[in-house]
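Visitor: Starting off with a structure, shown below.
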Amino acid sequence: MSELPPRIRELFTALDHAGEPSPDAISGIHGGEAGREELGTRVRFTLRIAEQRLLEVRYRAYGCPHTLATCEWLARSLEGRRIDALAVGAPTEWADHLGVPAVKLGRLLVIEDALQAALTQL
């Protein structure tokens, strides 16, 4: 794990948003997923919305540390934002910001597809 970029390593060791929404969250839940485990990456985002705000962002992911760390970073970045302020940039920008190598861009595209699938439910 020491060969991972510092930001990826930090996020990967604290996947606080991994898992399902709070058990008491029964309304305002929207989800989307993309990818296939057989191909190395599968991601599902679950968003809990109330009062035009993302109250909770959770994900379940199968993939490499770069995949999970990027999901965590996005969840942290989005949680608490108003629905009209959800611009997250492009996967190439995420890669630059987090230090994800270019060979992993396909995995970030799967993450983008899953997030977009969830956001289109809003």
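Visitor: Out of the stretch 92-108, which residues are open to solvent by 50 Å² or more (accessible area, probe 1.4 Å) and out of contact with any Gly (no Cβ under 9 Å at 6 or more places or on another chain)? Working first, answer last.
Guide: Taking the stretch 92-108 and keeping what is open to solvent by 50 Å² or more (accessible area, probe 1.4 Å), we get 92-93, 96-97, 101-103, 105, 107.
Of everything in the stretch 92-108, those that are open to solvent by 50 Å² or more (accessible area, probe 1.4 Å) and out of contact with any Gly (no Cβ under 9 Å at 6 or more places or on another chain) turn out to be T92, E93, D96, P101, A102, V103, L105.
Visitor: Taking interchain pairs and intrachain pairs at least six residues apart, which have beta carbon atoms under 7 angstrom, with the first residue in the stretch 30-57 and within 23 Å of D84 (Cα to Cα) and the second open to solvent by 50 Å² or more (accessible area, probe 1.4 Å) and among the acidic types (D, E)?
Guide: Taking only residues 6 or more apart or on different chains, the pairs are R44/E33; T46/E20; L54/E79; E56/E79; V57/E79.
Visitor: OK, next. Among (1) modelled with pLDDT of 95 or more; (2) within 28 Å of E51 (Cα to Cα); (3) in contact with a helix residue (DSSP H, G or I) (Cβ under 7 Å, 6 or more places away or on another chain); (4) open to solvent by 50 Å² or more (accessible area, probe 1.4 Å), there is one condition L122 misses while meeting the rest; what is its number?
Guide: (1) is the only condition that L122 fails.
Visitor: Taking E20 and the conditions (1) more than 19 Å from L86 (Cα to Cα); (2) in contact with a Ser or Thr (Cβ under 6 Å, 6 or more places away or on another chain), which numbered condition does it fall short on, given that it satisfies the others?
Guide: Among (1) more than 19 Å from L86 (Cα to Cα); (2) in contact with a Ser or Thr (Cβ under 6 Å, 6 or more places away or on another chain), the lone unmet condition for E20 is (2).
Visitor: Within the stretch 106-114, can one find any residue that is assigned to a loop (DSSP other than H, G, I, E, B) and not β-branched (V, I, T)? If you could, list the steps in order and put the result at the bottom.
Guide: Filtering the stretch 106-114 for residues assigned to a loop (DSSP other than H, G, I, E, B) gives none.
Within the stretch 106-114 (the criterion being assigned to a loop (DSSP other than H, G, I, E, B) and not β-branched (V, I, T)), the answer is no, since none of the residues qualifies.
Visitor: Sticking with this structure for a sec: Going residue by residue through the stretch 66-83, is there one that turns out to be of a type in the set (K, R) and under 23 Å from A14 (Cα atoms)?
Guide: Restricting attention to the stretch 66-83, the residues satisfying the condition of being of a type in the set (K, R) are 76, 81-82.
Subset that is under 23 Å from A14 (Cα atoms): 76, 81.
There is at least one residue in the stretch 66-83 that is of a type in the set (K, R) and under 23 Å from A14 (Cα atoms).
Visitor: Considering E33, E51, which residue is under 23 Å from I8 (Cβ atoms), of a type outside the set (G, A, S) and over 10 Å from the mean Cα position of the chain (by Cα)? Can you show your working first?
Guide: Working: E51 fails: under 23 Å from I8 (Cβ atoms).
Going through E33, E51 in turn, just one is under 23 Å from I8 (Cβ atoms), of a type outside the set (G, A, S) and over 10 Å from the mean Cα position of the chain (by Cα): E33.
Visitor: Between a residue in the stretch 98-117 that is farther than 12 Å from C71 by Cα and any residue that is among the aromatic types (F, W, Y) and at pLDDT 95 or above, which pairs come within a Cβ distance under 9 Å, given they are 6 or more apart or on different chains?
Guide: V100/W94; A117/F45
The values are calculated or read from the model by the stated rules, or taken from the named source; none is laboratory data. Note that this is a predicted model, so its numbers are computed, not measured. Reconstructed Cβ throughout: ideal geometry from the backbone, glycine too, with neighbour counts over all protein chains shown. Side chains included, ligands, DNA and RNA excluded: accessible areas come from the protein's heavy atoms. Shrake-Rupley method; radii C 1.70, N 1.55, O 1.52, S 1.80 Å.
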